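Notes to accompany the following structure.
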Amino acid sequence: MKKYLICLCMIISFLIVQISFEVFATNNSELSSSIRFKAIAVGNAHTLALRENGKVFAWGKNEVGECNVPKGLENVKAIACSEHHNIALKEDGTIVTWGDDANNIFNAPKGLKGIKSIATGTKNSAVLKEDGTVVVWGNNDFGQCNVPDSLSDIKEISVGDSFIVALKENGSVLAWGNNNSGQCNIPLGLCNIKEISCGMVHTVALKEDGTMVAWGWNSFRKCTIPAGLSDINSVSAGYYNTVISMKDGTVKAWGDDSLGECDLPADLSNVKTIAAGEQFTVALKNDGSIVGWGNNDFCQCVNPLDFMNIKAITAGESHSVALAENGSVSAWGSNNFGQCNIPKGLNNVKSIKAGSYHTVASKEDGTVAVWGDNTCHQCLVPEGLTNVKKIAVGRNHSVALKEDGTAVAWGDNTFGQCNTTDIKGIKDVFAGYDLTILKKEDGSFIYLGNASNTDSLREIIDVKDIAALYNFILVIREDGTLADNWYFGKLNNIKAAAGNCNNAIALTEDGKLIFSKNHYLDFPNYTSGIKAISMTEENVMLLCEDGLIISNPYNQRKIQSINTYSSISGYISSDNTQNIEQSLGKEGFKVEIVGTDRSALTSGDGSFKINDIPEGLYDIKISKPGYVARIINGVKFSNSDIKIGQIDSPVKLWCGDLNNDNVINLDDVMEISKSFNTCINEDNFKSNCDLNKDQCINIIDVMIAVKHFNSTSDDYSSIDLT
């Protein structure tokens, strides 16, 4: 009874001097998990897209760096691009340029600021300033940089091939520069214009009443407007065609259709605006997504949302395939056998492998999906194939390793590469051009098919992985060394290898690319920071750590994967550091991202870090048995790194919540009282009541608990997120 009275007195004393606490700050705003774009622009064979967060993405042909978005570029409000160069307008009214610097197109006048809008063409760039004046620079062969003296009150500008068109606030239009095809001959009486767009040598203008006018070179009849056309929402002049979006969200196109640039996708709707390039078009939809069609030789028509958080890649002879973290699949490149036609509804994919002209996907449920060339029946999956553990794909055949240690193969069997029936005890499978390799549980190998080039494998028993190719085999040992052969000297720390008839490459564990002695490849800027590689005779792919995909470097195809992962790090500590050994007061706090499987425990110095947090809005919970849990509500993760606390000023949690109900109250104090004045060797000692971990339960433990008496998770002060 005496113990209880002592505790009660301590509680009353504490309540008399108790101070009030600031209510923890919350943010209940909702964040859409989808990525949205707000603007698009297209060049010769590349595409730019501006996200709503002010970041720029580029993909397509990268011959002169047109897709190399400057590192750290953000706070962008508008984008423009032409054949091989780009301009970004930032919120502060300044511009950033990249790509090809031919014709001095980057040499903007010094001190240029206060910019309202931007435009660029084949040989020139132009800006519209806040005061309504225009500045043009670049090639001046046709006087296109000589802005008319009387030009003022400009609303919009557009740049073609050596000519400029300006739209005035009053709806009239002016043009100057190259006029060899009548592209500067403004139709007589033209007025009430609200939007203009220049192609190479023609211009289209949208009127206030929803009709349009076009003039200039009329090859492919791109200036011949269909009769009765009205209710137009926006216009875009391509190189050889014209594309418009309607107010009902549909699209119309006319002119050159040699590469399908006028063959609109069947389900295209809800389009907000369009951008037409050289024989391809990209549409921005009202939901912020992007659709492209026409010439896709350099991946300029791909949907960037299909390339979010890519984790694996595989290369066919003329097509490429990527697997995202969410189990979705994307493909691009040659589609003459339908190898880029992803089966509708395909999801939950765990691995992908491409043959010459077909692709195989292994799903989480143990089934497989195949599409593409079927001339050798390589797309005819054996009936009832389930419980697939791994897949391997050759030129025109595929092999599936089942959970029971058997293998099933199908497709081209000219050399017997599919004769896997009745072979048991298989641990791993590999496939080459016309070759199947089965690794058995006892470490031995079985070769099926054209096995004339397997000598390098026969004497090796500690095989970790194999790249079985057209005329040779690359073997990675368990210790990370690459079996010595003609293509490489002695290597170690190898993660993956790939090759073809003329070249071979190896990827190290630290992301560096190593070339074979006889390589004919050129990766001037992409020899480090690489996550995965894939290679065939005509196609080479690199997946970089920053999400970038390089496909077929001979043509420099580039896709910028949208990496939406973020991280959080910081320092956590008990508020009771004066009465407890330092490491005990800092380690073991659990930090978790509520609603995900991402969590971490603090180390002895209180530090923690959680990586790979998907973009979204989450609550962060910090907890430890005996402490009042701390919740940080509504934290926005958007491709950024967040920090909480510092090593000298950590985020603190209150000690004394013995029953873990997120409040320190009389129940917790009474629990301490039951073991009051006991030590570690006594029967009544309870370790959870020893709050300062001095192996005795006494008045100090009571004081620690009552320090935050009646405090709950809601009573914590706000935390600064940096």
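The values are calculated or read from the model by the stated rules, or taken from the named source; none is laboratory data. Here the structure is a predicted model, which means the values were calculated and not measured. Virtual Cβ from ideal backbone geometry, glycine too; neighbours counted across all protein chains shown. With ligands, DNA and RNA removed, areas are computed over all heavy atoms of the protein, side chains included. Shrake-Rupley method; radii C 1.70, N 1.55, O 1.52, S 1.80 Å.
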- Query: For the stretch 641-696, what are the residues that are out of contact with any helix residue (DSSP H, G or I) (no Cβ under 6 Å at 6 or more places or on another chain), closer than 17 Å to GLU587 by Cα and not small (Gly, Ala, Ser)?
  - Reply: ILE644, GLN646, ILE647, ASP648, PRO650, VAL651, LYS652, LEU653, TRP654, ASN688, ASP690, ASP694
- Item | Residues of the stretch 264-278 that turn out to be in a loop (DSSP other than H, G, I, E, B) and either open to solvent by less than 30 Å² (accessible area, probe 1.4 Å) or more than 24 Å from ALA119 (Cα to Cα) (or both), as a count | 8
- Message: For VAL349, only one of the following conditions fails: (1) touching a Lys or Arg at 6+ places or on another chain (Cβ under 6 Å); (2) modelled with pLDDT of 90 or more; (3) open to solvent by 50 Å² or more (accessible area, probe 1.4 Å). What is its number?
- Response: (3)
- Counting only strands (runs of 3 or more DSSP E) entirely within the stretch 157-232, those with at least 2 residues that are under 21 Å from ALA78 (Cα atoms) are 163-168, 193-198, 202-207
- Note on the structure: Filtering the stretch 634-675 down to residues that are of a type in the set (Asp, Glu) and over 19 Å from VAL702 (Cβ atoms) yields ASP641, ASP648
- Within the stretch 181-208, track down each residue that is open to solvent by less than 50 Å² (accessible area, probe 1.4 Å) and of a type in the set (Asp, Glu). GLU195
- From the list GLU383, GLU459, which one is open to solvent by 30 Å² or more (accessible area, probe 1.4 Å) and modelled with pLDDT under 90? GLU459
- Message: Any residue that is part of a helix (DSSP H, G or I) and either in contact (Cβ under 8 Å) with a residue 24 or more places away in the chain or touching a helix residue (DSSP H, G or I) at 6+ places or on another chain (Cβ under 9 Å) (or both) - is there at least one of those in the stretch 283-304?
- Response: yes
- Query: Taking the stretch 410-422 only, how many residues are hydrophobic (A, V, I, L, M, F, W, C) and at pLDDT 95 or above?
  - Reply: 2
- Query: Counting just the residues of the stretch 615-645 that are surrounded by 20 or more Cβ atoms within 10 Å (Cβ to Cβ) and within 18 Å of ASN53 (Cα to Cα), which one comes out nearest to the chain's Cα centre (by Cα)?
  - Reply: GLU615
- Task: Please enumerate the residues belonging to the stretch 143-156 that are part of a strand (DSSP E or B) and β-branched (Val, Ile, Thr).
- Result: ILE154
- Message: Which count do you get for residues in the stretch 239-263 that are among the small types (Gly, Ala, Ser), buried (at least 20 other Cβ atoms within 10 Å of the Cβ) and under 29 Å from the mean Cα position of the chain (by Cα)?
- Response: 1
- Message: Can you tell me how many residues within the stretch 675-688 are outside any loop (DSSP other than H, G, I, E, B) and either on the phi > 0 side of the Ramachandran plot or at pLDDT 90 or above (or both)?
- Response: 2
- Are there any pairs with C-beta distances below 6 angstrom linking a residue in the stretch 597-620 that is under 23 Å from MET308 (Cβ atoms) and touching a residue at least 60 places away in the same chain (Cβ under 8 Å) to a residue that is assigned to a strand (DSSP E or B) and open to solvent by 60 Å² or more (accessible area, probe 1.4 Å), with the two at least 6 apart or on different chains, and if so which? LEU617/LYS636
- Candidates LYS652, LYS693 - the one that is buried (at least 21 other Cβ atoms within 10 Å of the Cβ) and either at positive phi or modelled with pLDDT of 90 or more (or both): LYS652
- Task: Just one of (1) assigned to a strand (DSSP E or B); (2) open to solvent by 60 Å² or more (accessible area, probe 1.4 Å) trips up SER362, so point out which.
- Result: (2)
- Query: Which ranges mark the strands (runs of 3 or more DSSP E) fully within the stretch 557-666 that have 2 or more residues being touching a Gly at 6+ places or on another chain (Cβ under 8 Å) and among the hydroxyl-bearing types (Ser, Thr, Tyr)?
  - Reply: 566-574
- Item | Selection count, the stretch 483-512, where residues are more than 22 Å from ALA315 (Cα to Cα), modelled with pLDDT under 85 and under 32 Å from the mean Cα position of the chain (by Cα) | 2
- Scanning the stretch 175-229 residue by residue, the ones that are of a type in the set (Gly, Ala, Ser), at pLDDT 95 or above and farther than 18 Å from GLY255 by Cβ total 3
- Item | the stretch 36-48, residues that are within 18 Å of the chain's Cα centre (by Cα) and open to solvent by less than 20 Å² (accessible area, probe 1.4 Å) | PHE37, HIS46, THR47, LEU48
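Table: residues versus (1) open to solvent by 40 Å² or more (accessible area, probe 1.4 Å); (2) over 30 Å from GLY634 (Cα atoms).
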{"position": "PHE676", "(1), (2)": "no, yes"}
{"position": "LYS686", "(1), (2)": "yes, yes"}
{"position": "ALA705", "(1), (2)": "no, no"}
{"position": "HIS708", "(1), (2)": "no, no"}
{"position": "SER713", "(1), (2)": "no, no"}
- Task: Would you check if there is a residue in the stretch 150-170 being surrounded by fewer than 20 Cβ atoms within 10 Å (Cβ to Cβ), of a type in the set (Val, Ile, Thr) and in contact (Cβ under 8 Å) with a residue 12 or more places away in the chain?
- Result: no
- Query: When the stretch 604-614 is examined, which residues are found to be aromatic (Phe, Trp, Tyr) and open to solvent by 50 Å² or more (accessible area, probe 1.4 Å)?
  - Reply: none
- Task: Find the residue count for the stretch 493-510, including only residues that are over 18 Å from SER551 (Cβ atoms) and open to solvent by less than 30 Å² (accessible area, probe 1.4 Å).
- Result: 5
- Item | Count - residues of the stretch 386-402 that are more than 19 Å from ASP465 (Cα to Cα) and open to solvent by 10 Å² or more (accessible area, probe 1.4 Å) | 3
- Query: Can you tell me which residues in the stretch 367-400 are closer than 20 Å to LYS439 by Cβ and in a loop (DSSP other than H, G, I, E, B)?
  - Reply: ASN387, GLY394
- Kindly indicate which of ILE704, ILE672, ILE700 is more than 18 Å from SER574 (Cα to Cα), touching a residue at least 24 places away in the same chain (Cβ under 8 Å), outside any strand (DSSP E or B) and out of contact with any Lys or Arg (no Cβ under 6 Å at 6 or more places or on another chain). ILE672
- Is one or more of the residues making up the stretch 191-198 within 24 Å of ASN44 (Cβ to Cβ) and free of Cβ contacts under 8 Å to residues at least 24 places away in the same chain? no
- Message: Restricting to the stretch 512-536, give me the number of residues that are out of contact with any Asp or Glu (no Cβ under 6 Å at 6 or more places or on another chain), part of a loop (DSSP other than H, G, I, E, B) and not acidic (Asp, Glu).
- Response: 13
